[in-house]
1. Among 11, 58, rank each residue by its count of other Cβ atoms within 10 Å, from fewest to most, as a rough exposure measure.
2. Taking neighbour Cβ counts within 10 Å as the exposure measure, how do 262, 208 sort from fewest upward?
3. Per 5 Å bin from zero, what fraction in whole % of the C-alpha pairs of segment 146-281 is there, up to the bin with the longest pair?
4. What order do you get for 22-28, 158-164 when each peptide is scored by the mean count of other beta carbon atoms within 10 Å, highest first?
5. Output needed for segment 2-69: three equivalent-ellipsoid semi-axes, defined as square roots of 5 times the C-alpha gyration tensor eigenvalues, in descending order, whole Å.
6. What order do you get for 273, 150 when you list them from fewest to most C-beta neighbours inside 10 Å?
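Values quoted throughout were computed directly from the atomic coordinates according to the rules given, and no laboratory measurement underlies them. It should be emphasised that the depicted structure is a prediction, and the values quoted were computed from it without experimental measurement. Methodologically, a virtual Cβ is constructed for each residue, glycine included, from the backbone with ideal geometry; neighbour enumeration extends over all protein chains shown.
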């Protein structure tokens, strides 16, 4: 709601993505502003008597018209350039492109304040914080959702004494997936460890798959390979052939001998498949 002595009170209307799309005069119901945006927030339409008086538009953040930027809580964003004007606060942990906006895919991802990414599940239409919480037909922790097993999270030897002096070193952990077919993703991981380690465990995780299940993939525990069937997944507006995105994660856990105790380490390698131009891309 916008309120001032000079201009009166105006209510905000929102589009399906939470952007301010219009202003309504509270006294007479007149539409006093209309806004339309491109996928990166670039203004396509700004019209109406109150359109420039209201600074809160795309993503409900403050727009500075004179220099064409949008002020998020932690960074300034240029919708014309489609990128942030300052580096990511967490460096490359948020991706190699330190200035990239929502991984250059604002259709699927959002950024709430210049720090946090949210993911839209194209199957169910819901938004989740982070990259990996697309729940499909089963809510996170609900029916059909397979949580990471207790034994993976809590190895029996964790915290117990060890006498090896060469701390474990993860030399390689990468995805080496086979070329996907239209109906199946063939996933592989390559892991190399050296030094004092034990209890290396491997697993696979996906956001949603046929049969209404999500999360940990039972049946592929401690295997380098896993297969994800993607034919027949029904997505609203698509039909029986899936176009993704299919969020997949390879998971490993191991114990390293450090300062006389076994210390747990976990690593994750993600890959999101999307069907584009007749093939799967990531």
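1. In order of increasing Cβ crowding within 10 Å: 11, 58.
2. With the sparsest Cβ surroundings first, the list reads 262, 208.
3. The distribution over segment 146-281 is 2, 10, 19, 19, 16, 12, 9, 6, 5, 3, 1, 0, given as percents.
4. Averaged packing, sorted descending, gives the order 22-28, 158-164.
5. They are 20, 13, 10 Å, listed from largest to smallest.
6. 150, 273
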